[in-house]
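Asks: Can you keep this structure in mind? I'll have questions shortly.
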Amino acid sequence: MKSFPKSAYFSFLFLLFSGNIDGQNQSLSSYQDTQFWQETHEAYPVHATASAPNEVRSIAVDKNLTIWIATAAGVFIKKENQSSWTALPTEGGSGPAFSVAIDHKNNAWLGTWDGVYRATGTKLERIPGVTAPISALCATPEGMTAVGPKGIWFFDGRQFVKKDYEIPRSVRDVTVDSKGDLWLASDVGLYTINKVGKSTVFRNKNEVLSAYIKGITLDSQNKLWAGGLGGVTILQHGKKERTITTAQGLPTVYVTCAKTAPDGTVWVGTEEGVVRYYTDGTHSLRFTRRWLLNDHVLDIDFDSNGNAWIATKRGVSMIKRQKMTLAQKNDYFHDVLLKRHIRTPWIAGQCRLEKAGDLTTWQPEDDDNDGEYTGNYLAMEAFRYAATKSPDARENAKKAFGFLKLLQEVTDTEGFFARTIVPIDWKHELHDENRTFTLTELADELVKEPRFKPVEVRWRKSKDGKWLWKGDTSSDEMCGHMFGYYFYYELVADEAEKAIVRKHIARIVDYLIKHNYNFIDVDGKATRWSVWSPDQINRDPEWAPDKFQNSMELLGYLKLAHYVTNDEKYQREYLRLIEKEHYLENMAQVVHQNPAWFIYFDVMLQAYMYPIFLKCEKDPQRLAFYQKHMDEWFEKRKGDHNPLINFIYCYSRNKKAELANSVDFLVDTPLDLIDWPIDHTKREDLKIVREPVLEDEQVNILQPASLRMTVRWDKNPWTAAGGDPHREREPVFWQLPYWMGRYLGMIR
């Protein structure tokens with residue numbers, strides 16, 4: 001499911017990639033960045049009153065790019081470059097309108113509750129001859145056709161003249177074919193009227209999917225698409241050729257309209273979004289508030305620039321196209337990142353929207369994983385610097401490292417570091433404020449989870465009085481830090497800076513060694529999740545779910561400490577855990593995790609460690625183990641089409657893999673970073689399954705980036721539903737794999 005024809009896209013990729021495709025294994029080695037169509041959504045709600053949304057029944061775009069709509073509250077227009085709508089009153093006063101059409105002279109015609117109107121400028125002129133109401137209009141070579149519950153009329157140049165044709169009263173749509181024959185969609189079948197006025201009806205099961213027809217269009221081959229209950233029937237020369245149902249990508253059996261775009265793509269509107277059927281046989285869906293004001297689509301039209309204007313139950317949506325390269329997309333994301341997603345002192349994270357979906361109401365927000373995500377940002381800037389030698393990237397990386405280092409310093413401990421910090425005068429909502437637990441609450445929690453740690457004081461004031469810092473730091477923070485430190489050390493830091501990095505990493509790992517590999521908070525106890533000690537990992541059955549994962553993590557920390565410091569004490573501890581505590585054997589089982597304990601979050605923590613193992617290990621036997629381990633792990637993850645995992649693999653293994661899927665993700669990712677709710681459970685073209693994560697509801701077909709919740713890589717990409725429109729995610733999820741691809745020479 002792409003935002004462009006799949007076969008055309010991959011033909012295009014084939015020309016741009018060097019290499020070849022051998023069976024299912026992609027050996028493509030590089031992608032030459034070039035322009036593609038980037039889609040965006042612009043919302044134009046139409047209000048009947050100050051608060052009530054207005055159902056838009058019909059839409060048409062004239063040659064001047066004026067948008068005409070027929071709504072439940074009457075007729076409205078919007079001129080080019082305007083964002084608001086202007087109501088056009090009819091002679092009979094306010095009332096519903098049902099249809100709008102543009103004739104061959106660029107005049108707009110409106111079918112309303114009290115007749116037919118033709119627009120002259122912004123003034124409506126009622127045309128005599130019809131009996132109201134008029135539910136459908138169609139521009140023909142001879143003029144205008146009007147249809148309603150009380151008949152059908154042709155315009156003779158002065159007025160409408162009624163025709164004595166056998167037609168139903170429930171006509172929903174009208175079109176004309178190349179022979180001049182009319183086609184009518186109705187609740188009681190598909191009708192056609194030839195040039196001499198003879199009517200033919202199609203309603204039998206061998207003729208159409210069902211008799212309830214809502215919308216019709218002729219495609220570029222003059223085949224008729226008739227959509228309604230059940231799906232779409234495609235007819236040629238009056239004979240059913242094929243059908244489109246939920247098996248061919250319709251999200252629901254309720255089809256509402258159909259319209260052919262200038263490029264030949266047929267857009268099919270439904271009650272759960274709009275599906276585009278391309279001439280090469282592929283299709284793509286647009287639904288949810290990211291793309292539509294409402295999923296219930298009622299009509300579609302196109303402007304001369306190829307943009308789609310979509311009438312919905314709650315207003316008008318424009319799906320706009322613009323040419324863009326990956327480099328330009330990165331520039332856009334980087335601007336957004338610096339404007340709304342870098343907070344003091346240099347933390348990369350999401351922001352909160354006080355009003356759902358409204359970027360003008362954004363506020364900075366603290367997050368439990370500010371350290372991990374800033375570690376990703378640090379890695380991104382490191383790769384950007386390595387690929388471009390940009391002084392700006394170097395300075396940003398230095399500031400990000402400075403924040404991560406401050407997380408340790410602010411705790412005033414020998415090596416413990418905070419989850420995040422906020423200035424002492426923080427004016428915004430603070431997550432997880434300090435609290436107390438009653439004895440009954442503690443009992444409840446301990447029964448639910450015997451490993452539970454009650455943390456009553458999460459936020460503490462720094463010794464210098466400048467910051468509030470958050471404790472109970474988790475293992476994912478540690479992994480994210482180490483991932484960022486490694487790439488900063490390797491790709492950015494000069495010798496003086498490397499000395500600082502060495503000392504900082506050593507301080508943290510020394511702290512772990514001192515406390516038998518548990519991360520001890522200022523309360524003298526291990527944090528809830530940062531437990532790596534053999535006493536728990538190997539000997540406490542309640543830690544069995546984390547045994548393999550945490551063994552892998554700790555070996556990675558020690559390996560990095562030894563690599564940067566060359567201090568043999570870290571190597572001795574590393575070997576002791578392997579030889580005496582069997583941590584390498586534990587790690588071997590990561591790819592065979594019990595399904596009850598497999599979560600996607602752990603996948604990314606594992607990914608963070610592989611570059612350290614593959615680049616820092618010097619022993620041939622252990623290196624071979626890590627290489628084989630990553631290869632087996634990567635085989636299980638290929639189906640996720642995760643470009644960060646793909647490029648981490650390419651970096652770590654010095655290979656070129658999964659490039660087409662990585663580029664596909666980078667191209668398809670929306671510019672809109674608001675975490676709009678996505679609910680695939682409503683769709684009839686997908687199945688809800690319990691894999692790859694047993695405890696999650698997931699879809700059976702991986703959805704493209706444009707149809708997922710805004711990505712954070714520690715979230716399950718197969719998730720069926722979720723999202724929070726009060727948040728805009730930081731774009732590092734896209735920028736990090738992009739710059740890794742650039743650094744590796746795989747994106748040129």
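Asks: Of all residues in the stretch 29-71, which are open to solvent by 10 Å² or more (accessible area, probe 1.4 Å), farther than 30 Å from Asp331 by Cα and in contact with a Lys or Arg (Cβ under 7 Å, 6 or more places away or on another chain)?
Replies: Residues satisfying the conditions are Pro53, Glu55, Thr66.
Asks: So for the stretch 529-536 (the condition being open to solvent by 10 Å² or more (accessible area, probe 1.4 Å), of a type outside the set (A, V, I, L, M, F, W, C) and over 15 Å from Thr565 (Cα atoms)), does at least one residue qualify?
Replies: So far as the stretch 529-536 goes, yes, one or more of its residues are open to solvent by 10 Å² or more (accessible area, probe 1.4 Å), of a type outside the set (A, V, I, L, M, F, W, C) and over 15 Å from Thr565 (Cα atoms).
Asks: Of the residues in the stretch 80-119, how many are of a type in the set (S, T, N, Q), more than 14 Å from Met144 (Cβ to Cβ) and outside any strand (DSSP E or B)?
Replies: 6
Asks: Could you name every one of the helices (runs of 4 or more DSSP H) located completely within the stretch 521-585 that has at least 3 residues being within 17 Å of Met609 (Cα to Cα) and of a type outside the set (Phe, Trp, Tyr)?
Replies: Details: elements: 534-537, 547-565, 568-579.
Passing ranges, in order: 547-565, 568-579.
Asks: With respect to Glu658, is the statement that it is acidic (Asp, Glu), over 20 Å from Cys479 (Cα atoms) and either out of contact with any Cys (no Cβ under 8 Å at 6 or more places or on another chain) or open to solvent by less than 20 Å² (accessible area, probe 1.4 Å) (or both) true?
Replies: Yes.
Residue-by-condition table, conditions (1) open to solvent by less than 70 Å² (accessible area, probe 1.4 Å); (2) among the polar types (S, T, N, Q); (3) in contact (Cβ under 8 Å) with a residue 24 or more places away in the chain:
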site: Lys79; (1), (2), (3): no, no, no
site: Gln82; (1), (2), (3): no, yes, no
site: Ser94; (1), (2), (3): no, yes, no
site: Val100; (1), (2), (3): yes, no, yes
site: Ile127; (1), (2), (3): yes, no, yes
site: Ala136; (1), (2), (3): yes, no, yes
site: Pro141; (1), (2), (3): no, no, yes
site: Ala146; (1), (2), (3): yes, no, yes
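Asks: So which residues in the stretch 314-341 are open to solvent by less than 50 Å² (accessible area, probe 1.4 Å), within 23 Å of Ala660 (Cβ to Cβ) and of a type in the set (S, T, N, Q), if there are any at all?
Replies: First pass over the stretch 314-341, keeping only residues open to solvent by less than 50 Å² (accessible area, probe 1.4 Å): 315-319, 324-327, 329-330, 333-334, 336-337, 340-341.
Among the residues that remain, those that are also within 23 Å of Ala660 (Cβ to Cβ) are: 324-327, 329-330, 333.
Across the stretch 314-341, the qualifying residues are Thr325, Asn330.
Asks: Restricting attention to strands (runs of 3 or more DSSP E) lying wholly within the stretch 296-336, give those where 1 or more residues are hydroxyl-bearing (Ser, Thr, Tyr) and in contact with a His (Cβ under 8 Å, 6 or more places away or on another chain).
Replies: Details: elements: 297-302, 308-312, 315-324.
Correct list: 308-312, 315-324.
Asks: Read through the list (1) β-branched (Val, Ile, Thr); (2) under 28 Å from Ile701 (Cα atoms); (3) without any contact (Cβ under 8 Å) to a residue 60 or more places away in the chain, then give the number of the only condition that Thr288 fails.
Replies: (3)
Asks: Looking for something in contact (Cβ under 8 Å) with a residue 40 or more places away in the chain, under 24 Å from the mean Cα position of the chain (by Cα) and within 23 Å of Ile520 (Cβ to Cβ) - is there at least one such residue anywhere in the stretch 375-397?
Replies: yes
Asks: Test Asn194 against the criterion of being open to solvent by 20 Å² or more (accessible area, probe 1.4 Å) and more than 38 Å from the chain's Cα centre (by Cα), and give yes or no.
Replies: Taking the combined requirement at face value, the residue satisfies it.
Asks: Residue pairs, Cβ under 7 Å, 6 or more apart or interchain, first in the stretch 621-636 and over 19 Å from Leu605 (Cα atoms), second acidic (Asp, Glu) and surrounded by 13 or more Cβ atoms within 10 Å (Cβ to Cβ). List them.
Replies: Close Cβ pairs satisfying both conditions: Leu623/Glu617.
Asks: Here's another thing I want to ask about it. Restricting the stretch 155-169 to residues that are in contact with a strand residue (DSSP E or B) (Cβ under 6 Å, 6 or more places away or on another chain) and open to solvent by 60 Å² or more (accessible area, probe 1.4 Å), which is farthest from Thr200 (Cα to Cα)? Before you say what the answer is, go through the steps one by one.
Replies: To start, the set of residues in the stretch 155-169 that are in contact with a strand residue (DSSP E or B) (Cβ under 6 Å, 6 or more places away or on another chain) comprises 155, 160-163, 165-168.
Narrowing further to those that are open to solvent by 60 Å² or more (accessible area, probe 1.4 Å): 162-163, 166.
Values: Lys162: 19, Lys163: 16, Glu166: 9 Å.
Selected residue: Lys162.
Asks: Filter the stretch 239-255 for residues that are assigned to a strand (DSSP E or B) and open to solvent by less than 10 Å² (accessible area, probe 1.4 Å); which is nearest to Ile300 (Cα to Cα)?
Replies: Among those residues, the one meeting the criterion is Val255.
Asks: Looking at the stretch 434-467, which of the residues that are open to solvent by 40 Å² or more (accessible area, probe 1.4 Å) and in contact with a Phe, Trp or Tyr (Cβ under 7 Å, 6 or more places away or on another chain) is farthest from Leu353 (Cα to Cα)?
Replies: Leu446
Asks: Need pairs with beta-carbon distance below 6 Å; first residue at positive phi and within the stretch 179-191, second open to solvent by 30 Å² or more (accessible area, probe 1.4 Å) and in a strand (DSSP E or B); sequence gap 6+ or separate chains.
Replies: Taking only residues 6 or more apart or on different chains, the pairs are Gly189/Val201.
Asks: If you don't mind, there's one more thing I want to ask. Tell me which of these Leu442 doesn't satisfy, since it passes every other one: (1) part of a helix (DSSP H, G or I); (2) in contact with a Pro (Cβ under 7 Å, 6 or more places away or on another chain); (3) in contact (Cβ under 8 Å) with a residue 40 or more places away in the chain.
Replies: (3)
Asks: Further question on the same structure: Does Arg622 fit the bill of being in a helix (DSSP H, G or I), closer than 20 Å to Pro737 by Cα and open to solvent by 10 Å² or more (accessible area, probe 1.4 Å)?
Replies: no
Asks: Looking at (1) open to solvent by 50 Å² or more (accessible area, probe 1.4 Å); (2) touching a Cys at 6+ places or on another chain (Cβ under 7 Å); (3) of a type in the set (Val, Ile, Thr), can you tell me which one Thr344 breaks?
Replies: Failing condition for Thr344: (2).
Asks: Could you say which residue among Gly741, Gly745 is under 19 Å from Thr34 (Cβ atoms) and assigned to a helix (DSSP H, G or I)?
Replies: Only one candidate passes the filter, namely Gly741.
Asks: Moving on to the next point. State all residues of the stretch 35-78 that are in a strand (DSSP E or B) and among the charged types (D, E, K, R); if no residue qualifies, say none.
Replies: Glu39, Glu42, Arg57, Lys78
Asks: May I ask you to list the residues in the stretch 499-516 that are out of contact with any helix residue (DSSP H, G or I) (no Cβ under 6 Å at 6 or more places or on another chain), of a type outside the set (A, V, I, L, M, F, W, C) and surrounded by 15 or more Cβ atoms within 10 Å (Cβ to Cβ)?
Replies: Arg507, Asp510, Tyr511, His515
Asks: Please verify whether Glu684 is more than 20 Å from Ala607 (Cβ to Cβ), surrounded by 15 or more Cβ atoms within 10 Å (Cβ to Cβ) and out of contact with any helix residue (DSSP H, G or I) (no Cβ under 6 Å at 6 or more places or on another chain), treating the condition exactly as stated.
Replies: The answer is no for Glu684.
The values are calculated or read from the model by the stated rules, or taken from the named source; none is laboratory data. Quick caveat, the model's predicted, so the values are computed rather than measured. All Cβ positions, even for glycine, are placed from backbone atoms using ideal geometry, and neighbour counts span all protein chains on display. Protein only, heavy atoms only, side chains kept; ligands, DNA and RNA dropped before computing areas. Shrake-Rupley method; radii C 1.70, N 1.55, O 1.52, S 1.80 Å.
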